[in-house]
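The values are calculated or read from the model by the stated rules, or taken from the named source; none is laboratory data. Since this is a predicted model, take the numbers as computed values, not measurements. Every residue, glycine as well, gets a Cβ built from its backbone with ideal geometry; the counts of neighbours run over all protein chains shown. Side chains included, ligands, DNA and RNA excluded: accessible areas come from the protein's heavy atoms. Shrake-Rupley method; radii C 1.70, N 1.55, O 1.52, S 1.80 Å.
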Amino acid sequence: MEYMDFYPTRVWMDQCDLDNSRLENKIKQFAENHQSDERSNIGGYQGDDFGDEELNNNIIKRIPIGEHIPSNSRWSIYSWVNINNRGDYNKRHHHISTKFLLSGVYYVKVPENSGRFRIYDPRGAWVKGFQDWKYYNNNSEYYYIEPKEGLLMLFPCWMEHDVEPSDSDEERISISFNLWSMDLD
């Protein structure tokens, strides 16, 4: 029997070849000069308005361009850094805004056992009561993605996600961002 999947939620992932040592040093200097914001982070450091041209260029060249997005779009990226130590994590949240096309994260430093990225089923908890969820949809309300250094992820800004507490004695460092086109309505 044929079947079709309707309204799947896509997450794009790619490995980038950036100088993560340079980025780590730049992030450490940034953290010394900028206060931590409390947004989704529980513990750790979250520093707003971080920018890096090389990273931004790598993000822009990986934006999935569909038929409704002009290939010559002018892109804006707003990013912030996350430095998590043992026990630090990011609580469940989203980056919802009608302005954003996508949200994302780039992993600069990822020691072993420093926390997985978790994406929640966007259909909500109420679908768990139906038989199809149990038999056809893996009976799971979330999926884990194991981060690694150099991984770039793009996902819809409305997708709820969190990061597990770190069990590592080393820092996990990532750069999160939202992106939008100045040429889209």
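What the table below lists for this structure:
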| quantity | calculated |
| --- | --- |
| Furthest towards positive pole of dipole, Ile119, Gly129, Ser97, structure part region 47-183, Cβ charges | Gly129 |
| Apportionment of accessible area to carbon and sulfur, the chain, percent (1.4 Å) | 46 |
| P(r) histogram, all alpha-carbon pairs of region 104-169 included - 5 Å bins from 0, percent | 4, 15, 22, 20, 16, 12, 8, 3, 0 |
| Environment charge of Val108, counting only residues whose C-beta is closer than 14 Å and scoring Lys/Arg +1, Asp/Glu -1 | -2 |
| Alpha-carbon centroids, region 104-175 and region 1-33: separation in whole Å | 12 |
| Positive minus negative residues near Trp80 (Lys, Arg vs Asp, Glu; Cβ under 13 Å) | -4 |
| Virtual spin-label span in nm between Arg116 and Arg22, 7 Å along Cα→Cβ | 3.3 |
| Peptides ranked, highest mean first, by Cβ atoms within 10 Å: ranges 74-80, 164-170 | 74-80, 164-170 |
| Pair His93, Asn58: separation of 7 Å Cα→Cβ label points (nm) | 2.3 |
| Chymotrypsin sites (Phe, Trp or Tyr not before Pro) lying in DSSP loop within region 1-71, provided at most 11 other Cβ fall within 10 Å | Tyr3, Phe6 |
| Relative contact order (%) - criterion: Cα under 8 Å, at least six apart; region: the chain | 34 |
| Label-point gap, in nm, between Ile145 and Asp183 - each point 7 angstrom along Cα→Cβ | 2.5 |
| Å² per residue, accessible surface of region 79-185 at 1.4 Å | 51 |
